[in-house]
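K.L.:
To start, I am sharing the structure in question, which I have written as structure tokens.
The values are calculated or read from the model by the stated rules, or taken from the named source; none is laboratory data. Note that the structure is a prediction, hence the values are computed from the model and not measured. Please note: Cβ atoms are built from the backbone with ideal geometry, for glycine as well, and neighbour counts cover all protein chains shown. Quick note on the areas: whole protein, heavy atoms, side chains included, nothing else; ligands and nucleic acids left out. Shrake-Rupley method; radii C 1.70, N 1.55, O 1.52, S 1.80 Å.
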Amino acid sequence: MEAELLELLAEHVERRTEDGKAGVVSNGHLPARKLQTGLGPVTVKIPKVRAKTGEPVTFRSALVPPYVRKTKSLETALPWLYLNERGEKHFLAIEDGVRESTQSWREVLLKLKSRGLTPPKLAIGDGAMVFRAALEEVYPETRQQRCWMHKTMNVLHILFIG
């Protein structure tokens, strides 16, 4: 939503007050509200804007429309809430390999590196130790995180099955 806010402010950057200051500015956030998802509530804070030039401007998020309190499913809500700055996904590679093989993952990562992939800031995986081992060799500065869905499934499995 912050990216949406910056986009709105950029659209109105030419609007100025009589003394030359920005005519449309960020003005805090609406009170936090809970968005009900399949795994429980997610707290969201919607930004506010203020127009100082007389013409009203309202911030409307495409990610969390007004009055929405419940998502249709968790799978559709969370990816939109946590997209990257431009909201784009890119397919980087597909390779044949041995399923749980550090060497196979190392080869994929080395090919990506040779094609110019700079060290990712974060890599998220399903907990496969072989991927993590290859990532540490090729991109040691990349932070690693376990996929929240796999982590949640493991916790629920332990809670309900033992």
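K.L.:
Quick test of your reading of the structure: A123 fulfils all but one of (1) part of a helix (DSSP H, G or I); (2) of a type in the set (A, V, I, L, M, F, W, C); (3) in contact with a Phe, Trp or Tyr (Cβ under 8 Å, 6 or more places away or on another chain). Name the failing condition by number.
P.N.:
(1)
K.L.:
Then there's this: Can you find a residue in segment 21-30 that is out of contact with any strand residue (DSSP E or B) (no Cβ under 6 Å at 6 or more places or on another chain), surrounded by 14 or more Cβ atoms within 10 Å (Cβ to Cβ), in contact (Cβ under 8 Å) with a residue 12 or more places away in the chain and farther than 22 Å from N84 by Cα?
P.N.:
yes
K.L.:
Anything in segment 102-155 that is among the aromatic types (F, W, Y), open to solvent by less than 40 Å² (accessible area, probe 1.4 Å) and over 18 Å from L92 (Cα atoms)? List them, or say none.
P.N.:
None - no residue of segment 102-155 is among the aromatic types (F, W, Y), open to solvent by less than 40 Å² (accessible area, probe 1.4 Å) and over 18 Å from L92 (Cα atoms), so the list stays empty.
K.L.:
Out of segment 41-58, which residues are free of Cβ contacts under 8 Å to residues at least 12 places away in the same chain and either within 18 Å of the chain's Cα centre (by Cα) or under 11 Å from H29 (Cβ atoms) (or both)?
P.N.:
Passing the criteria: P41, T43.
K.L.:
In the list K45, K34, which residue meets the criterion of being closer than 30 Å to M153 by Cβ, in contact with a His (Cβ under 6 Å, 6 or more places away or on another chain) and surrounded by fewer than 16 Cβ atoms within 10 Å (Cβ to Cβ)? Show your work before the answer.
P.N.:
Values: K34 fails: in contact with a His (Cβ under 6 Å, 6 or more places away or on another chain).
Exactly one of K45, K34 is closer than 30 Å to M153 by Cβ, in contact with a His (Cβ under 6 Å, 6 or more places away or on another chain) and surrounded by fewer than 16 Cβ atoms within 10 Å (Cβ to Cβ), namely K45.
K.L.:
Follow-up. Go through A123, A77 for me and flag whichever is of a type in the set (A, V, I, L, M) and at pLDDT below 80. Break it down into steps so the answer makes sense when it comes.
P.N.:
Working: A123 fails: at pLDDT below 80.
None of the other options fit; the residue is A77.
K.L.:
Now, a different point. Looking at (1) under 17 Å from the mean Cα position of the chain (by Cα); (2) not polar (S, T, N, Q); (3) not in a helix (DSSP H, G or I), which is the only condition M149 fails?
P.N.:
Exception for M149: condition (3).
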